[in-house]
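Down below is the structure, laid out as structure tokens.
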Number of protein chains: 2
Amino acid sequence: MATTLHDVAQVAGVSFKTVSNVINDHPNVRPTTRARVQAAIAELGYRPNLTARSLRSGHSGAITLAVPQLRLPYFAELADAVISAAEAHGLVVLIEQTSGGRDRELEVLKSPRLKMSDGLIFSPLGLGEEDAALVTAEVPIVLLGERIFSSSCDHVTMQNIEGARAATEHLLDIGRKRIAVVGAHEGEVIGSAGLRLKGYREALEARGVPYDDSLVAYMGEWHRANGALAMHELLERGVEFDAVFGFNDTLAQGAMRVLQEAGRRIPDDIAVIGFDDLDETRYSLPTLSTVDPGRTEIAETAIKVLMERIKTPDGPAPREIETTFSVVARESTLGTAP
Amino acid sequence: MATTLHDVAQVAGVSFKTVSNVINDHPNVRPTTRARVQAAIAELGYRPNLTARSLRSGHSGAITLAVPQLRLPYFAELADAVISAAEAHGLVVLIEQTSGGRDRELEVLKSPRLKMSDGLIFSPLGLGEEDAALVTAEVPIVLLGERIFSSSCDHVTMQNIEGARAATEHLLDIGRKRIAVVGAHEGEVIGSAGLRLKGYREALEARGVPYDDSLVAYMGEWHRANGALAMHELLERGVEFDAVFGFNDTLAQGAMRVLQEAGRRIPDDIAVIGFDDLDETRYSLPTLSTVDPGRTEIAETAIKVLMERIKTPDGPAPREIETTFSVVARESTLGTAP
DNA sequence: CCGGAAGGATACAACGTTGCAGGTATGCCC
DNA sequence: GGGCATACCTGCAACGTTGTATCCTTCCGG
């Protein structure tokens, strides 16, 4: 059996409440008593029972992070960042995988397990704008991503439009004119794909480059295989292009592979840029230029905002926070026009 | 305020204990009462307070997974598998990142937070065989990996020697004779590097191929950059080789990149095989042959063993379990001798 | 030397749940 | 119809902690 406050109290010769007071750094404990209690704590190797503390105090020091799947590098790196940020504040993180399924996401929101934690950082994929009203739970929520903007939760998101615009401008800056897009979603307006396409178009317009829909590859999910497939399709279409904007790094890498197999040199013939700044982009051949969406900042901000909301649930109105981004130029966009 | 057993009891017109009995499927509750209580539960949207249940019953339905870093793909995929396996048993997973630091790993073992969960799945990196005795905690532990074999915990591990042997044999089978190794650790006997080198040597010996230490690249940590560095060094050394065995996929990919930059064709000039079967090996150029160490099986076995140990802490003696592996042949080892 | 205020420690209750021991009907048997 | 087993339900205690209220010192000023 684990040692309790009572055991410590008995050894120290005080009431168990005094031990509690020592542990919680309450004032009005005489230094000599404090020392005696601390000696007893050390002697017995006492560790507080966090479950009991949690029941009594109403908060657990844990938060939940709900993401689609950790095997997707983007979410793995996000989770890494969130756990690190949480750790810095003494919080522990409990992870739920949703597979990006709408039902499973709703289930997580309603699960009693959620109450084992003090708050939720939620990166939905199945739920959309029309479900905004359903995004509520018995704990405060910080929403991530681009699926839902009109919920009543705090929302931390990257600058998709601006980032995509900057990526496109980067390609234009090195002299590319015909920029293919890999990863568009038919008819999508918000959501990463919709926003990034908007940024792409804005950049073209700002530079007076005409938009050509035949340069845009539409697809379903952003998996590497789809990036490869889309690039095959673009090549078969016979349309000319001198650059590719992959809406995320995974797509860009799938596309790069197909380009290389087809004998196109990167960046000489075709420049390629991605989005997300995954770790692996630093090691591909060639290394992949990309947009760093500020993942660490997203994680830290989410934790900060969530902690504030936990402290004062009826605090300020829900906030919409955008993180800073930057274009990371690597080998895949090296040099100038072909 | 959340609804409690008392609230439900009041609505249903029974004692709160009866509500508890209904929830826990206790016998001796009349169907009509049961129905009435369930109606009240539904009406009020009652959800049990898991913290209170946990305090009372002594277990929480959560387990802890301690890994170095989720940003390392191997651990991300492991965590994914563990969470999925846990989910299938109604368990939720709490993740601690250790950075692979010895002190931090010991800290996790001793942290009171660990007691918020019922057990620990622990993949150490900083701790070694000499620390085996320190691997104890207030909850059952299942150890993963190759760092510690003589602890008193259940241990689930892959077949490193056999897997490495099979990988090497695969290279020999396609006619390669001079197989370079990337990722050896100077003087290591156990640990992934030591075991995999052993498997490599066993395969050579079994086929009567002489072992040549000049083909072996020693290094520190298994990061992609080190794989690249090691390959540079091997090339500079001027030693001839027609195949490379990367001790993990990340190293193999770093090596592949350098080989390609140096103008060597894969697999025509040099065949390459890795270890781990990371998702990304399916998408590299060329796709990377590797050893699938049975990650899903590791996760499921770990969960199963941990649950048994939680149920009966003084059950059978600590078990040493090895998972099944398989060689996955992809493009990087296609064809026969050069 | 007494009254009062602070400091220091304690007692009690509560958080929401489950285990255990009981209690009250109901039905069955003789 | 009384005794007794059975089925159903309830009350109490406890898990280990913290908040509130309270009590007992001690020390100071008058």
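The values are calculated or read from the model by the stated rules, or taken from the named source; none is laboratory data. Note that the structure is predicted; figures quoted are calculated from it, not measured. For neighbour counting, all protein chains shown are included, and Cβ atoms are generated from backbone atoms with ideal geometry for every residue, glycine included. What goes into the accessible areas is simple: the full protein's heavy atoms, side chains included, and nothing from ligands, DNA or RNA. Shrake-Rupley method; radii C 1.70, N 1.55, O 1.52, S 1.80 Å.
Projecting the Cα atoms of B:HIS6, B:LEU44, B:THR33 onto the charge dipole of segment B:5-48, computed from C-beta unit charges around the Cα centre, puts B:THR33 farthest toward the positive end. Report the relative contact order of segment A:5-48, percent, no decimals, based on alpha-carbon pairs under 8 angstrom and at least 6 residues apart. Dividing the mean separation by the residue count of segment A:5-48 yields 43 percent. Evaluated at q = 0.12, 0.13 Å⁻¹, the base-10 log of the normalised Debye intensity for segment B:25-85, with identical point scatterers placed on the Cα atoms, takes the values -0.59, -0.65.
Ranking A:PHE245, A:PHE16, B:PHE75 from most to least accessible surface, computed with a 1.4 Å probe over the protein chains only, gives A:PHE16, B:PHE75, A:PHE245.
Rounded to the nearest whole Hz, the Karplus-based 3J(HN,Hα) values (6.51 cos²θ - 1.76 cosθ + 1.60, θ = phi - 60°) of segment B:205-213 follow the sequence 4, 4, 9, x, 9, x, 7, 10, 5, with x at glycine and proline.
Plainly put, the tip 7 Å out from Cα toward Cβ on B:PRO318 is 5.0 nm from that tip on each other copy, the closest given first. Shape descriptor for segment B:5-48: Rg over Rh equals 0.90 (Cα atoms; Rh from the Kirkwood inverse mean 1/r). Distances between placed amide hydrogens fall under 5 Å for B:GLY119 paired with B:THR64, all partners being 5 or more residues away or on another chain.
Cα extents for chain A along the principal axes, largest to smallest and rounded to whole angstrom: 86, 39, 33.
Listed by chain and number, the aspartates and glutamates whose alpha-carbon sits under 12 Å from that of B:LYS115, ignoring those within fewer than 8 places in the same chain, are B:GLU138. Each other copy holds its own label point for B:ALA42; taking that point as 7 Å from Cα along Cα to Cβ, the gaps run 6.0 nm, nearest first. Report, in degrees rounded to the nearest 10, the 0 to 90 angle that the Cα long axis of helix B:295-311 makes with the longest principal axis of chain B. Here the helix axis deviates by roughly 40 degrees.
Could you check what % of the DSSP bridge pairs in the protein assembly as shown are antiparallel, to the nearest 5?
Working: 9 of 67 bridges.
In the protein assembly as shown, DSSP labels about 15 percent of beta bridges as antiparallel.
Backbone geometry of segment B:67-78 corresponds, through the Karplus equation with coefficients 6.51, -1.76 and 1.60 at θ = phi - 60°, to 3J(HN,Hα) couplings of 10, x, 7, 6, 6, 7, x, 4, 6, 4, 6, 5 Hz, x marking Gly and Pro. Here the convex hull built on the C-alpha positions of segment A:223-266 has a volume of 63 cubic angstrom per residue. Neighbouring Cβ atoms from other chains, within 10 Å of the Cβ of residues in A:50-63, number 4 on average. Phi angles across segment B:41-58 convert, under the Karplus curve 6.51 cos²θ - 1.76 cosθ + 1.60 with θ = phi - 60°, into 3J(HN,Hα) values of 4, 5, 4, 8, x, 5, 10, x, 7, 5, 5, 5, 4, 5, 4, 5, 8, x Hz, Gly and Pro given as x. Please report, to two decimal places, log10 I(q)/I(0) for segment B:54-148 at q = 0.14, 0.17, 0.19 Å⁻¹ as given by the Debye formula with identical point scatterers on the Cα atoms and no solvent. Once normalised to I(0) and log-transformed, intensities are -0.48, -0.70, -0.87. Sorted from nearest, the other copies put their A:GLY175 label points 4.4 nm away, the label point being 7 Å from Cα in the direction of Cβ.
Rg to Rh ratio, the protein assembly as shown, alpha-carbon atoms and Kirkwood radius?
Result for the protein assembly as shown is an Rg/Rh of 1.01.
Listed by chain and number, the aspartates and glutamates whose C-alpha is less than 14 Å from the C-alpha of B:LYS17, apart from same-chain residues fewer than 8 away, are B:ASP7, B:ASP25. The separation of segment A:77-120 from segment B:286-338, counted between C-alpha centres, amounts to 27 Å. In the context of the full set of protein chains, chain B has a per residue accessible area of 42 Å² (1.4 Å probe). Each DSSP beta bridge with both residues in segment A:63-141 is either parallel or antiparallel, and the antiparallel ones are about 0%. For A:VAL244, nonlocal amide neighbours, meaning residues 5 or more places apart or on other chains whose placed amide H falls under 5 Å from its own, are A:ALA180, A:ALA271, A:VAL272, A:ILE273. The alpha-carbon of B:LYS198 sits under 27 angstrom from the alpha-carbons of these lysines, leaving out residues fewer than 8 places away in its chain: B:LYS177.
Looking at the calculated P(r) for segment A:190-284, what percent of the C-alpha pair distances fall above 22 Å? That tail contains 25 percent of the Cα-Cα pairs.
Electrostatic tally near B:LEU306: other residues with Cβ closer than 12 Å to its Cβ, Lys and Arg +1, Asp and Glu -1, net 0. Rounded to the nearest 20, the size of the Cβ-charge dipole of chain A about its Cα centre is 1440 debye, with Lys and Arg at +1 and Asp and Glu at -1.
Under the combined filter of DSSP loop state and at most 11 neighbouring Cβ atoms within 10 Å, segment A:236-305 retains these trypsin sites (Lys or Arg not before Pro): A:ARG265. Computed from Cα atoms alone, the Kirkwood hydrodynamic radius reported for segment B:191-239 is 12.1 Å.
Relative contact order of chain A, please, whole-number percent, based on alpha carbon pairs below 8 angstrom and at least 6 residues apart. Relative contact order for chain A comes out at 16 percent.
Amide H contacts of B:VAL216 (H built 1.01 Å from N, in plane; Pro and chain starts excluded): B:VAL181 sit under 5 Å, all sequence-distant by 5 or more or on other chains. Altogether, the Stokes-Einstein calculation at 20 °C and 1.002 mPa s, with the Kirkwood radius of segment A:1-130 over Cα pairs as Rh, returns a diffusion coefficient of 123 µm²/s.
Just counting partner chain Cβ atoms within 10 Å, what average do the residues of peptide A:97-103 show around their Cβ? List each step's numbers first, then the result.
Values: counts 7, 0, 1, 0, 0, 0, 0.
Averaged over the peptide's residues, the number is 1.
Heavy-atom accessible area with a 1.4 Å probe sorts B:TYR46, B:TYR218, largest first, into B:TYR218, B:TYR46. The mean count of C-beta atoms from other chains within 10 Å of the C-beta of residues in B:66-73, rounded to a whole number, is 5.
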